[in-house]
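What follows draws every value from the coordinates through simple rules; no lab data is involved. Computed from a prediction, not measured in an experiment: that's the story for all the values here. FYI the Cβ positions are ideal-geometry reconstructions off the backbone, even for glycines, and counts take in every protein chain you see.
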Amino acid sequence: MVKLGVFFLSLARRKKLIGLETRKSYISPKNNEGIWHGAGVKSGFIETFSKKKTKRFWKPNVFEREYHSDLLNETVCYTFTMKAVRAIDYAGGFDNYILRTPDNVLVSNAAIALKRKMETVQRMLQAGYKTLDEIKEEIKPQRISKHVWNPPNFVNRFYFEWRGPRKHAIYC
């Protein structure tokens with residue numbers, strides 16, 4: 001017999017307003033990286049015959065899988081739960097699932113970002129003035145190299161350049 005604690009039940013029921021949709025209050029980092037269709041780690045207590053309660057976690061069936069997106073014309077690789085795979089089959093394909101599923105069911109940041117990208121590409125393709133490759137190049141995030149030093153741009157402030165006496169200076 002499994003009895004869930006009152007605190008854990010209330011945690012699962014709490015919702016947060018993010019953007020225009022309400023989502024669960026806690027989403028694990030692994031869940032945010034994949035497409036889990038609202039599934040997550042559940043916790044509760046198992047009561048033994050001696051009435052001792054031990055905490056237990058139930059993890060979803062998660063595995064890595066690749067799907068081909070016809071809209072983006074590329075293969076995307078994420079972690080999926082079996083619940084999400086069944087929902088993709090029921091929706092009639094990966095693109096239909098992502099575009100037609102509401103944000104509060106998708107839950108994860110990766111899935112919602114992919115949905116926004118697909119909606120943008122779909123809108124621009126319907127406008128018809130650019131090819132798919134031009135659209136992808138336009139909406140691609142700008143890469144900033146971490147290894148190139150960009151000098152600070154201070155406006156006529158001499159004291160920003162002064163660094164004080166060096167520690168290795170020897171005074172005679």
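Scanning the stretch 64-89 for residues that are out of contact with any helix residue (DSSP H, G or I) (no Cβ under 8 Å at 6 or more places or on another chain) and either farther than 17 Å from Val105 by Cα or of a type in the set (Ser, Thr, Tyr) (or both) yields Glu64, Glu66, Glu74, Thr75, Cys77, Thr81. Quick one: in the stretch 86-133, which of the residues that are among the hydroxyl-bearing types (Ser, Thr, Tyr) and closer than 14 Å to Val76 by Cβ is nearest to the chain's Cα centre (by Cα)? Restricting to residues being among the hydroxyl-bearing types (Ser, Thr, Tyr) and closer than 14 Å to Val76 by Cβ, the top hit is Ser108.
Among the residues of the stretch 67-125, count how many are under 14 Å from Ala39 (Cβ atoms) and touching a residue at least 12 places away in the same chain (Cβ under 8 Å). Residues flagged as under 14 Å from Ala39 (Cβ atoms) and touching a residue at least 12 places away in the same chain (Cβ under 8 Å) within the stretch 67-125 amount to 17.
Can you find even one residue in the stretch 102-118 that is over 21 Å from Asn31 (Cα atoms) and out of contact with any strand residue (DSSP E or B) (no Cβ under 6 Å at 6 or more places or on another chain)? Scanning the stretch 102-118, I find no residue that is over 21 Å from Asn31 (Cα atoms) and out of contact with any strand residue (DSSP E or B) (no Cβ under 6 Å at 6 or more places or on another chain), so the answer is no.
Look at (1) assigned to a loop (DSSP other than H, G, I, E, B); (2) touching a helix residue (DSSP H, G or I) at 6+ places or on another chain (Cβ under 8 Å) and you find that Thr120 fails only one, number (1). The residue pairs whose first member lies in the stretch 40-55 and is free of Cβ contacts under 8 Å to residues at least 12 places away in the same chain, whose second member is surrounded by 12 or more Cβ atoms within 10 Å (Cβ to Cβ) and of a type outside the set (Val, Ile, Thr), and whose beta carbons are closer than 7 Å, counting only pairs six or more residues apart or on different chains, are Thr54/Phe45.
Scan the stretch 99-112 and tell me whether some residue there is among the charged types (D, E, K, R), surrounded by 14 or more Cβ atoms within 10 Å (Cβ to Cβ), out of contact with any helix residue (DSSP H, G or I) (no Cβ under 6 Å at 6 or more places or on another chain) and in a helix (DSSP H, G or I). Within the stretch 99-112, not a single residue is among the charged types (D, E, K, R), surrounded by 14 or more Cβ atoms within 10 Å (Cβ to Cβ), out of contact with any helix residue (DSSP H, G or I) (no Cβ under 6 Å at 6 or more places or on another chain) and in a helix (DSSP H, G or I).
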